[in-house]
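The values are calculated or read from the model by the stated rules, or taken from the named source; none is laboratory data. In this text the structure is predicted, and so the values were computed from the model without any measurement. Here the Cβ positions follow ideal geometry from the backbone for every residue, glycine too, while neighbour counts run over all protein chains shown.
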Amino acid sequence: MDIHEYQAKDLLTRFGVQVPRGGIAYSPEQAVYRASELSGDKWVVKAQIHSGARGKAGGVRICSSEEEVSDAATWMLGRKLVTHQTGPQGKLVSRLYVEEATSIAHEIYLGFVMDRKLERVVVVASAQGGMEIEEISEQEPESIIRSVVDPAVGMQAFQAREIAFSLGLEPPLIAQAVKTIMGCYRLMAEMDANMVEVNPMVVTQAGEIVALDAKVSFDDNALFRRPEIAELRDKSQEDTRETYAEDRGLSYIGLDGEIGCIVNGAGLAMATLDMIKMSGGEPANFLDVGGGASPERVLKSFKAVLNDPNVEAILVNIFAGINRCDWIAEGVVLAMKELELTLPVVVRLSGTNVEEGRKVLDDSGLPVITADTLAEAADSVVGAWKDAKFKEAS
Ligand code: GDP
Ligand code: MN
């Protein structure tokens with residue numbers, strides 16, 4: 001789960017990391033009021049969306065008057081900001097963070113990620129901050145410092161000091177940099193985060209180390225024991241299709257294609273996506289209905305798949321062990337009747353009660369297309385989808 005920059009900064013301060021002073025605003029008037037509360041004559045208005053690279057998209061504006069603050073806020077609020085991380089649909093800006101501006105002497109990249117191969121937290125740092133890490137690794141690969149944390153002892157001060165020295169920081173800044181690095185690590189380890197990125201961590205002209213931007217994401221599977229973190233969730237920033245499915249207890253991931261998928265088992269669901277692609281189609285989603293799925297659960301799955309407006313055909317692929325093909329078939333019939341489906345539906349059933357399942361489909365009199373193997377099912381659904389499209393066009 002991702003959180004907003006202002007939330008991440010609030011957490012970081014609890015671990016001793018220094019951040020600029022700021023306040024949240026939901027309207028231009030509030031933004032101006034926030035600026036007036038802060039000392040100084042320069043402010044930064046920052047769009048709060050779950051994405052980096054906001055600066056290049058106009059989502060970070062340095063302002064030197066209340067009027068500029070108001071204008072920046074007016075421009076950002078209600079806008080769908082498109083960055084290279086959001087996809088073309090962008091993300092809606094409904095909150096702003098107004099900060100006192102910082103005079104920057106130097107921008108540094110600091111990131112903490114889980115390295116799955118090493119099964120360790122790895123610190124990635126570079127003296128070439130401000131750019132995205134992808135750009136740094138392309139343009140300045142030799143500037144990247146990597147340091148692996150031993151989980152038995154956690155991040156040690158000497159290790160943080162080593163990183164700070166490798167970044168070329170002057171001796172008076174080392175202690176502050178160590179405090180920042182240690183603080184980020186503790187947030188990661190103690191709050192079940194799986195990513196902490198401070199980009200940039202800056203050296204200010206006054207000679208201080210400040211976290212100017214912060215991105216933190218958390219392990220969804222640990223949220224049950226972090227209610228305080230779970231509360232920071234902003235569903236408006238998430239894929240609406242996934243939130244809809246998750247609220248109904250379904251394991252669903254949204255994709256970009258047209259073929260909706262309802263499958264049992266995560267492995268078979270993945271294989272189904274591959275087969276659809278091999279047959280020349282594009283899957284619209286991953287969906288695992290789970291074991292022992294009732295007809296009502298199948299109906300729910302159809303609703304979740306159809307909640308995606310791009311879906312133009314549906315493939316139901318069930319290899320029933322714990323599941324029962326007759327229940328699945330009843331669910332398909334229920335969904336097709338209740339939702340008055342007109343798009344092509346291909347069903348492949350195999351395993352427990354398969355004969356009973358086929359009979360339910362046959363007796364329904366509905367135009368269900370059936371298939372025996374996964375390959376046949378994938379071919380049929382892509383074929384049926386193309387036919388339907390052709391008919392529509394002609
Ligand atoms: P991002 O584009 O979403 O990563 O947003 P950031 O918060 O990292 O801001 C983008 C860039 O704006 C930073 O790399 C800085 O160069 C610049 N910036 C942000 N805040 C300030 C500030 O207070 N003062 C100055 N001078 N530049 C800033
Ligand atoms: Mn940034």
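Filtering Ser143, Ser137 for residues that are without any contact (Cβ under 8 Å) to a residue 24 or more places away in the chain, farther than 30 Å from Pro28 by Cα, in contact with a Ser or Thr (Cβ under 7 Å, 6 or more places away or on another chain) and small (Gly, Ala, Ser) leaves a single hit, Ser143. Does region 315-324 include one or more residues that are crowded, with 21+ Cβ neighbours inside 10 Å and in contact with an Asp or Glu (Cβ under 7 Å, 6 or more places away or on another chain)? Checking region 315-324: not a single residue is crowded, with 21+ Cβ neighbours inside 10 Å and in contact with an Asp or Glu (Cβ under 7 Å, 6 or more places away or on another chain). Considering each residue of region 125-137 in turn, none proves to be more than 16 Å from ligand 2 (Cβ to nearest atom), at pLDDT 95 or above and either over 20 Å from Ala193 (Cβ atoms) or buried (at least 16 other Cβ atoms within 10 Å of the Cβ) (or both).
Only a single item in (1) among the basic types (Lys, Arg); (2) in contact with a strand residue (DSSP E or B) (Cβ under 9 Å, 6 or more places away or on another chain); (3) closer than 22 Å to Lys91 by Cβ; (4) near ligand 1 (Cβ under 10 Å from one of its atoms) is not met by Lys42, and it is number (3). If you check Lys91 against the conditions, is it closer than 26 Å to Asp256 by Cα and either outside the structural domain of Ile133 (by TED's automatic domain parsing) or within 14 Å of ligand 2 (Cβ to nearest atom) (or both)? Yes; evaluated as a whole, the condition is true for this residue. Residues considered: Val113, Val69. Of these, the only one that is part of a helix (DSSP H, G or I) and within 22 Å of Gln7 (Cα to Cα) is Val69. The set of residues in region 55-70 that are more than 13 Å from ligand 2 (Cβ to nearest atom), of a type outside the set (Gly, Ala, Ser) and touching a residue at least 24 places away in the same chain (Cβ under 8 Å) comprises Ile62, Cys63, Glu66, Val69. The sole residue among Ala47, Ala31 that is among the hydrophobic types (A, V, I, L, M, F, W, C), in contact with a strand residue (DSSP E or B) (Cβ under 7 Å, 6 or more places away or on another chain) and more than 9 Å from ligand 1 (Cβ to nearest atom) is Ala31. The residues of region 29-50 that are farther than 23 Å from Thr86 by Cβ and not hydrophobic (A, V, I, L, M, F, W, C), listed by number, are Glu29, Gln30, Tyr33, Arg34, Ser36, Glu37, Ser39, Gly40, Asp41, Lys42.
One residue stands out among those in region 165-194 that are within 19 Å of Glu5 (Cα to Cα) and in contact with a Lys or Arg (Cβ under 7 Å, 6 or more places away or on another chain): the one that is nearest to ligand 1 (Cβ to nearest atom), which is Met191. Checking every residue in region 174-181 against the condition of being of a type in the set (A, V, I, L, M), surrounded by fewer than 16 Cβ atoms within 10 Å (Cβ to Cβ) and outside the structural domain of Gly52 (by TED's automatic domain parsing) gives at least one match. For region 189-218, filtered to residues that are of a type in the set (D, E, K, R) and within 13 Å of ligand 2 (Cβ to nearest atom), the residue that is surrounded by the fewest Cβ atoms within 10 Å (Cβ to Cβ) is Lys215. Of all residues in region 77-88, exactly one satisfies the criterion of being outside any loop (DSSP other than H, G, I, E, B) and more than 16 Å from ligand 2 (Cβ to nearest atom), namely Lys80. Can you pull out the residues in region 17-66 that are assigned to a strand (DSSP E or B) and farther than 24 Å from Val203 by Cβ? Hits for region 17-66 are Gly23, Ile24, Ala25, Ala47. Hey, any hits in region 232-247 for a residue that's aliphatic (A, V, I, L, M), under 21 Å from Tyr185 (Cα atoms) and away from ligand 1 (no atom under 16 Å from the Cβ)? Yes, because at least one residue in region 232-247 is aliphatic (A, V, I, L, M), under 21 Å from Tyr185 (Cα atoms) and away from ligand 1 (no atom under 16 Å from the Cβ).
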